[in-house]
Amino acid sequence: MGGRVLAGVLAALCVTTAPAHADLRMCNLTTSKVGIALGYRDTQGWVTEGWWDVAPKGCETLLKGTLAARFYYVFAVDYTRGGEWSGRSLMCTKDREFTIRGVEDCLARGYDRNGFYEVDTGEQKSWTIQLTDPNQPAGVP
């Protein structure tokens, strides 16, 4: 299956309204179990982390606390039906749980390289990414 492209696949990005918790969250609005890898820039440079398993119709906190960056990058794998949500930003991943510093020379360093899609949080303190099926209309349920 080809990659599911951001434009038709990632439905809605919305700001969470609960001021008490400032986090980056992923909500899986699909009927599949998905695996999530996250890329972002911190004070030491680029880092990628994974995998978070998100149950169908479930949510997971990817990063706790006030968001420090405007842009985050996501690569998701559909464990149930196959396929992926991907983009053009190439970053490093592994098959098992990982934290990888740097996005250069992934293959030479023994990692996989995948295309992540960009999430613009608009510099909000808290954000929820909603992942949907390609045939599902965009929007908040």
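The values are calculated or read from the model by the stated rules, or taken from the named source; none is laboratory data. For clarity, every value in this text was computed on a predicted model and none was experimentally measured. Heads up, the Cβs are rebuilt from the backbone with ideal geometry, glycines too, and the neighbour counts pull from every protein chain shown. Keep in mind that these areas ignore ligands, DNA and RNA; they rest on the heavy atoms of the full protein, side chains included. Shrake-Rupley method; radii C 1.70, N 1.55, O 1.52, S 1.80 Å.
Between rounded, prolate and oblate, where does the range 16-118 land on the alpha carbon gyration tensor, with a ≥ b ≥ c its root eigenvalues, rounded for a/c under 1.5, else prolate if a/b exceeds b/c? Show your work: numbers first, answer last.
On the way: a/c = 2.10, a/b = 1.14, b/c = 1.85.
In terms of gyration-tensor shape, oblate.
Apply 1/(1 + (r/R0)^6) to the Cβ-Cβ distance of Lys94 and Ala69, taking R0 = 22 Å, and write down the FRET efficiency to the nearest 0.05.
Calculated value: 0.50.
Could you go through the range 72-78 in sequence order and give the Karplus-derived ³J(HN,Hα) for each residue, using 6.51 cos²θ - 1.76 cosθ + 1.60 with θ = phi - 60°, rounded to whole Hz, and x for Gly and Pro?
10, 10, 10, 10, 10, 10, 8
Would you list Thr43, Thr80 from the most to the least accessible area, probe 1.4 Å? Can you show the working numbers first?
On the way: Thr43 145, Thr80 90 Å².
Result of the area sort, largest leading: Thr43, Thr80.
If amide H atoms are built 1.01 Å from N in the plane of the peptide, which residues on other chains or at least 5 residues away come under 5 Å of the amide H of Gly87?
The answer is Gly115, Phe116, Tyr117.
Using packing as a proxy for protection, rank 99-112, 24-37 so that the peptide with the highest average count of other Cβ atoms within 10 Å comes first.
Numbers: 99-112: 13.4, 24-37: 20.2.
With the highest mean Cβ count within 10 Å placed first, the list reads 24-37, 99-112.
Residue-wise, which Karplus ³J(HN,Hα) couplings in Hz belong to the range 48-53, taking 6.51 cos²θ - 1.76 cosθ + 1.60, θ = phi - 60°, and x for glycine or proline?
Rounded to whole hertz, the list is 10, 9, x, 10, 9, 8.
Provide Asp53, Asp95 ordered by accessible surface of protein heavy atoms (probe 1.4 Å), highest first. Mind dumping the intermediate values first?
Details: Asp53 75, Asp95 135 Å².
The ranking, largest first, comes out as Asp95, Asp53.
So, with +1 on the Cβ of K and R and -1 on the Cβ of D and E, and no other charges, what is the size of the charge dipole of the range 32-85 about its Cα centre, to the nearest 20 debye?
On the way: 6 positive and 6 negative charges, 31 e Å.
Dipole about the Cα centre, nearest 20: 140 debye.
Take the Cβ-Cβ distance between Ala22 and Arg109 as r, set R0 to 35 Å, and report the resulting FRET efficiency rounded to the nearest 0.05. The partial results should precede the final answer.
Values: r = 33 Å, r/R0 = 0.94.
After rounding, the FRET efficiency stands at 0.60.
Residue-wise, which Karplus ³J(HN,Hα) couplings in Hz belong to the range 120-126, taking 6.51 cos²θ - 1.76 cosθ + 1.60, θ = phi - 60°, and x for glycine or proline?
Result, rounded to whole Hz: 9, 7, x, 6, 6, 7, 9.
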